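The values are calculated or read from the model by the stated rules, or taken from the named source; none is laboratory data. Because the structure is a prediction, the values reported are computed rather than measured. Here Cβ is always computed from backbone atoms with ideal geometry, including for glycine, and neighbour counts include all displayed protein chains.
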């Protein structure tokens, strides 16, 4: 894998696709700097190697061209603080002002271009737009794993305008790709995948792909109730995709045929309402009373899942076990997170991917106690499902 470590940046302009799609509050202040911090080592390394840096990113989903709400000017001071250098700003990513600044950048200087998605051509993967962007740099660096599954102009199309020895991955991309490959192609057994979330339909492909790799698949979250109902259980008013019951049965059969242990929760914390202050109690997951709904896994399932996790050598976690945003229904997710941290301590390789799983790991201050925390949920899932991504193929060919 070709990274910035093998290229010569002395006197060169590095055009870096970063993922600075960060949350802003009502005062347009950055409330979570994780993605900016993640890209900082790549930026600093290129500056140390005598290069200058042009940063390009999207922010949000602007519908009708430039809007103040989605301007990247709001993050200039935060980027500057993180890299320890002044950051210049161009108010249009392909405007005359932008080229005037990027064409005369000196080694050590940094320029941030305005939001790429102010142009519809970005998401359309427009070739002419990609070529215009390419004119900002001598070397193209993709360090935006969170958008690598999109065939956008700045992620998948632009690379064709750079020679093979003038395009590479930044440290974020390299780390993400290496960690996924380690889990999917080099997993030490037993390999356990923990898949949560609301809907089976969102996770069909990843579950099917994981059946070819994993020894154990632990199911949690709202999707579990579709499996329980498919197996003949009573789930009260719990979340269920009735049109996916046959699919759930098929997945159970496939797992059995492949010799994969597909674990479905056996008990749940149930409530009479979807609220943190609702009345709650424990129940077997297959005998939930009418009018009640399951919002977390309970003690028996936590024990089973924790034992499987702690005896695993490779672990992938995507999706919470319950409505962990509510303190009354967070215990299942918290205990799974703690079990993963314990397994890591015992030598397991643990990859956390997907927004909610990452949020949970951060909520319980365990990010430093797992092997790798992925910055791109959708990209991670698609990489597992497809075996590659447009933004990766654009560099690797």
Q) How many residues does segment 176-190 contain that are touching a helix residue (DSSP H, G or I) at 6+ places or on another chain (Cβ under 8 Å) and farther than 18 Å from residue 209 by Cβ? A) 0
Q. Which condition breaks for residue 197 when tested against (1) in contact with a strand residue (DSSP E or B) (Cβ under 9 Å, 6 or more places away or on another chain); (2) not in a loop (DSSP other than H, G, I, E, B)?
A. (2)
Q. Does at least one position in segment 10-32 carry a residue that is free of Cβ contacts under 8 Å to residues at least 60 places away in the same chain, in the same structural domain as residue 111 (by TED's automatic domain parsing) and in a helix (DSSP H, G or I)?
A. no
Q: Could you pull out the residue among 357, 328 that is within 24 Å of residue 198 (Cβ to Cβ), assigned by TED's automatic domain parsing to the domain that holds residue 304 and at pLDDT 95 or above?
A: 328
Q) For residue 329, which of the numbered conditions (1) more than 23 Å from residue 380 (Cβ to Cβ); (2) surrounded by fewer than 24 Cβ atoms within 10 Å (Cβ to Cβ) fails to hold? A) (2)
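Taking the stated definitions as given, is residue 213 without any contact (Cβ under 8 Å) to a residue 24 or more places away in the chain and touching a helix residue (DSSP H, G or I) at 6+ places or on another chain (Cβ under 8 Å)?
Working: without any contact (Cβ under 8 Å) to a residue 24 or more places away in the chain: no; touching a helix residue (DSSP H, G or I) at 6+ places or on another chain (Cβ under 8 Å): yes.
So residue 213 does not fit the description; no.
Look at residue 83 and say whether it is within 21 Å of residue 379 (Cβ to Cβ) and within 25 Å of the chain's Cα centre (by Cα).
Judged against the criteria, residue 83 is not a match.
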Q.
Let me spell it out: the conditions are (1) surrounded by fewer than 19 Cβ atoms within 10 Å (Cβ to Cβ); (2) under 22 Å from the mean Cα position of the chain (by Cα); (3) assigned to a loop (DSSP other than H, G, I, E, B), and residue 150 meets all of them except one. Which number is the exception?
A. (1)
(Q) So for segment 158-170 (the condition being closer than 25 Å to residue 320 by Cβ and either touching a residue at least 24 places away in the same chain (Cβ under 8 Å) or under 14 Å from the mean Cα position of the chain (by Cα) (or both)), does at least one residue qualify? (A) no
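Scan 199, 203 and give me the residue that is surrounded by 17 or more Cβ atoms within 10 Å (Cβ to Cβ), outside the structural domain of residue 37 (by TED's automatic domain parsing) and modelled with pLDDT under 95. Spell out the reasoning first.
Working: 199 fails: surrounded by 17 or more Cβ atoms within 10 Å (Cβ to Cβ).
Only one candidate passes the filter, namely 203.
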Q) What tally of residues in segment 344-378 results from selecting those that are touching a strand residue (DSSP E or B) at 6+ places or on another chain (Cβ under 7 Å), without any contact (Cβ under 8 Å) to a residue 24 or more places away in the chain and in a helix (DSSP H, G or I)? A) 2
